[in-house]
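Asks: Below are the structure tokens for one structure; questions will follow.
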Amino acid sequence: MAINGDFVSKTTLFLVGFIAFISFPAEAAVRKYQFDIQVKNVSRLCHAKPIVTVNGRFPGPTIYAREGDRVIVNVTNHAKYNMSIHWHGLKQYRNGWADGPAYITQCPIKTGNSYAYDFNVTGQRGTLWWHAHILWLRATVYGAIVIMPKQGMPYPFPKPNMEQLVVLGEWWHKDVEEIVKQGNDMGLPPNMSDAHTINGKPGPLFPCSEKHTFAMEVESGKTYLLRIINAALNDELFFAIAGHNMTVVEVDAVYTKPFVTRAILIAPGQTTNILIQANQSPGRYFMAARPFMDAPIPVDNKTATGIFQYKGIPNTVLPTLPQLPASNDTDFALSYNKKLKSLNSANFPANVPLKVNRKLFYTVGFGKDSCPTCVNGTRILASLNNISFVMPKIGLLQAHYFNISGVFRTDFPDKPPKPFNYTGAPLTANLGTAHGTRLSKIAFNSAVELVLQDTNLLTVESHPFHLHGYNFFVVGTGIGNFDPVKDPAKYNLVDPVERNTVGVPTGGWTAIRFRADNPGVWFMHCHLELHTGWGLKMAFVVEDGKGADQSILPPPKDLPRC
């Protein structure tokens with residue numbers, strides 16, 4: 001299985017861009033980018049098809065910035081689909097207008113129109129990412145965000161010799177939007193992906209892989225920082241490199257206490273930075289990504305591979321495969337996530353809210369709606385606290401800011417309407433699931449605790465939840481039903497991991513805390529696109545504070561209209 005040297009994608013391009021970036025002056029700068037949404041024919045796995053891209057690239061271009069910079073990205077839509085871009089993990093303080101989810105903080109950018117996302121990078125450094133936030137277009141419309149620390153602020157870990165982006169994704173042979181439409185019309189989940197990808201390439205375990213294998217060349221004795229992003233639509237992924245241990249140093253652009261692992265687990269929406277030393281016998285080693293699924297749900301279980309290649313080793317040398325955890329290895333998943341902890345140092349403290357003003361308990365469930373035209377006469381829906389979210393026709397942030405009535409209600413319940421044995425025997429009823437555009441109103445600067453509880457309505461399943469506009473602390477997690485008396489006593493309130501996307505374990509619960517100090521309308525949803533489409537989402541309205549800098553900024557003049 002020789003891979004021609006022409007197909008080895010070295011770190012050179014990344015390093016050239018990186019070196020050019022760090023040569024910029026020390027003061028805060030304005031970084032300007034032009035994103036042209038355009039359709040391009042792309043071939044993978046012996047199939048060619050038109051896909052939606054940014055600047056004709058898949059994955060799209062990387063946004064480089066430094067902590068404290070202002071970033072302006074002008075997005076011009078040349079495609080047939082409406083478009084919006086979300087800057088995943090950027091807090092957008094008071095500036096929900098730049099957050100990007102369609103019909104939540106903006107109306108989408110229509111064909112032929114442009115919109116400039118204008119935001120500051122404040123108090124954040126590390127790896128984040130951007131992606132389309134409408135329909136399933138993030139299947140191909142995504143890319144990395146690299147935020148360097150302020151000048152003179154070193155990494156809290158040994159400085160690597162080089163850096164490399166590793167963006168994990170999915171690939172479908174057919175048009176993704178058509179696949180989704182077909183599934184919705186039938187009332188069934190759409191067809192799963194045909195392959196996973198590493199930097200847009202499935203690797204040599206798939207047919208027609210000669211041009212579609214990512215490889216990075218390394219030198220013995222050097223240390224590399226890998227910025228890993230899970231851009232897949234529907235799969236949590238294991239990732240490993242054969243023969244090499246990895247040291248985790250950051251997740252979701254927050255430094256962590258370093259720990260060594262043979263593999264990482266990364267959910268859709270999450271990022272993980274790892275250090276890896278080229279300290280093994282010079283050779284060619286596979287890096288590999290494969291789904292984690294510990295529920296009886298079918299997934300694309302094929303392995304995407306790239307190559308970790310020592311300098312001077314010929315391409316005729318066969319790479320070795322890593323020992324990835326079994327696809328249903330719950331113990332590894334729980335153990336790995338338990339090791340993630342905030343650095344909690346003088347420079348990077350973990351400011352966990354110790355006193356809670358508002359306690360929320362949200363159940364995650366599935367149900368069925370009547371659908372006479374569907375295959376089984378029903379259509380699957382998903383819900384939080386038995387409410388399946390209905391997307392509005394205009395942006396919720398506009399409706400809130402301009403006091404437009406009739407768009408949403410602010411009576412999303414703090415707890416489920418009917419308690420039951422959430423993770424007991426499977427239930428087939430939907431417990432009277434309601435449909436609605438219902439939001440939860442939160443007082444400015446409140447300390448919020450939210451427990452997300454998986455349920456066995458139809459089936460248990462893991463859910464990676466993303467909260468826009470905030471980071472949060474993961475103070476507790478467990479299997480089974482959350483016990484409001486016993487479980488809080490076990491919370492980690494000292495150095496819990498801080499992130500923007502967290503997995504709720506299959507048949508279990510996760511507790512997070514955050515301070516509601518960012519006014520606006522902020523989306524919270526499962527980052528499995530399948531579940532989001534079924535209604536597994538809601539939004540918070542965080543009220544303005546009384547201070548001069550505690551209210552929503554005025555909207556930009558070019559804000560898209562519905």
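The values are calculated or read from the model by the stated rules, or taken from the named source; none is laboratory data. Please read these numbers as outputs of a predicted model, since none were measured by experiment. Backbone-built Cβ (ideal geometry, glycine too); neighbour counts: all protein chains shown. Note: areas computed on protein heavy atoms with side chains; ligands, DNA, RNA excluded. Shrake-Rupley method; radii C 1.70, N 1.55, O 1.52, S 1.80 Å.
Asks: What are the residues whose amide H is under 5 Å from the amide H of residue 250, where those residues sit 5 or more places off or on another chain and H is modelled from the backbone?
Replies: Under 5 Å from the amide H of residue 250 lie the amide H atoms of 256, 273, each far enough along the sequence or on another chain.
Asks: Taking Cα atoms of the range 206-311, Rg/Rh with Kirkwood Rh, to two decimals?
Replies: Details: Rg = 14.4 Å, Rh = 14.8 Å.
Taking Rh as the inverse mean 1/r over Cα pairs, Rg/Rh reads 0.97.
Asks: Hey, which lysines would be in cross-link range of residue 91, C-alpha to C-alpha under 24 Å, not counting anything within fewer than 8 residues on its own chain?
Replies: Answer for residue 91, where 24 Å is the Cα cut-off: 32, 150, 257, 341, 355, 359, 441, 537, 546, 557, listed by chain and number.
Asks: Among all the aspartates and glutamates, which ones have a C-alpha under 18 Å from residue 40's C-alpha, if same-chain residues fewer than 8 places away are not counted?
Replies: 170, 175, 177, 178
Asks: Return the equivalent ellipsoid semi-axes of the range 249-367 as a descending list in whole Å, where each equals the square root of 5 times an eigenvalue of the C-alpha gyration tensor. Write down the numbers at each step before the final one.
Replies: Numbers: eigenvalues 226, 107, 22 Å².
Working through the eigenvalues yields semi-axes of 34, 23, 11 Å.
Asks: Next up: Using modelled amide H (1.01 Å from N, peptide plane; none on Pro or chain starts), what sits under 5 Å from the amide H of residue 504, excluding residues fewer than 5 places away?
Replies: So residue 504 has HN proximity to 463, 465.
Asks: Mind running the shape call on the chain? Use the C-alpha gyration tensor, a ≥ b ≥ c as the square roots of the eigenvalues: rounded below 1.5 for a/c, prolate if a/b tops b/c, oblate otherwise.
Replies: rounded
Asks: Which ³J(HN,Hα) values, rounded to whole Hz and listed in residue order, are derived for the range 206-213 from phi using the Karplus coefficients 6.51, -1.76 and 1.60 in 6.51 cos²θ - 1.76 cosθ + 1.60 with θ = phi - 60°, glycine and proline given as x?
Replies: My calculation for the range 206-213 gives 10, x, 6, 9, 3, 8, 10, 10 Hz in order.
Asks: With a probe of 1.4 Å, find how much accessible area the chain has per residue, and write the answer as a whole number in Å².
Replies: I get 39 Å² per residue for the chain.
Asks: What are the ³J(HN,Hα) values, in whole Hz, obtained from phi via the Karplus relation 6.51 cos²θ - 1.76 cosθ + 1.60 with θ = phi - 60°, for each residue of the range 239-249 in sequence order, with x given for Gly and Pro?
Replies: Coupling constants for the range 239-249: 9, 7, 10, 3, x, 10, 7, 10, 10, 6, 10 Hz.
Asks: Turning to a different aspect of this structure: Could you work out the per residue convex hull volume over the alpha carbons of the range 483-562, in cubic angstrom?
Replies: Details: hull volume 14.4 nm³, N = 80.
So the per-residue hull volume is 180 Å³.
Asks: Turning to a different aspect of this structure: When the Kirkwood hydrodynamic radius is evaluated over all pairs of different C-alpha atoms of the range 183-261, what value in angstrom, to one decimal, is obtained?
Replies: About 15.9 Å for the range 183-261.
Asks: Additional query: Roughly how many percent of the accessible protein surface of the chain is carbon and sulfur, given a 1.4 Å probe and a whole-percent answer?
Replies: The nonpolar share, carbon plus sulfur, comes to 53 percent.
Asks: Here's a follow-up. What is the projected area of the convex hull of the Cα atoms of the range 14-154, averaged over all directions, in nm²?
Replies: 9.1 nm²
Asks: Please work out the ratio of the alpha-carbon Rg of the range 409-525 to 2.2 N^0.38 Å and round it to two decimals.
Replies: Output field value: 1.10.
Asks: Here's another thing I want to ask about it. Which whole-Hz couplings ³J(HN,Hα) result when phi for each residue of the range 110-119 is put into the Karplus expression 6.51 cos²θ - 1.76 cosθ + 1.60, θ = phi - 60°, listed in order with x for Gly and Pro?
Replies: With the stated coefficients, the range 110-119 comes to 7, 3, x, 9, 10, 8, 9, 7, 10, 8 Hz.
Asks: Would you kindly calculate the translational diffusion coefficient of the range 329-394, applying Stokes-Einstein with the Kirkwood radius from alpha carbon pairs, for 10 °C and a viscosity of 1.306 mPa s, and quote it in µm² s⁻¹ without decimals?
Replies: Working: Rh = 17.0 Å.
It comes out at roughly 93 µm²/s.
Asks: With just the Cα atoms defining each centre, how far is the range 512-562 from the range 313-363? Give it in Å.
Replies: 26 Å
Asks: Further question on the same structure: Taking the Cα centre of the chain as origin, sum charge times position over the Cβ atoms of Lys and Arg (+1) and Asp and Glu (-1), and report the length of that vector in debye to the nearest 20.
Replies: Its charge dipole is roughly 560 debye.
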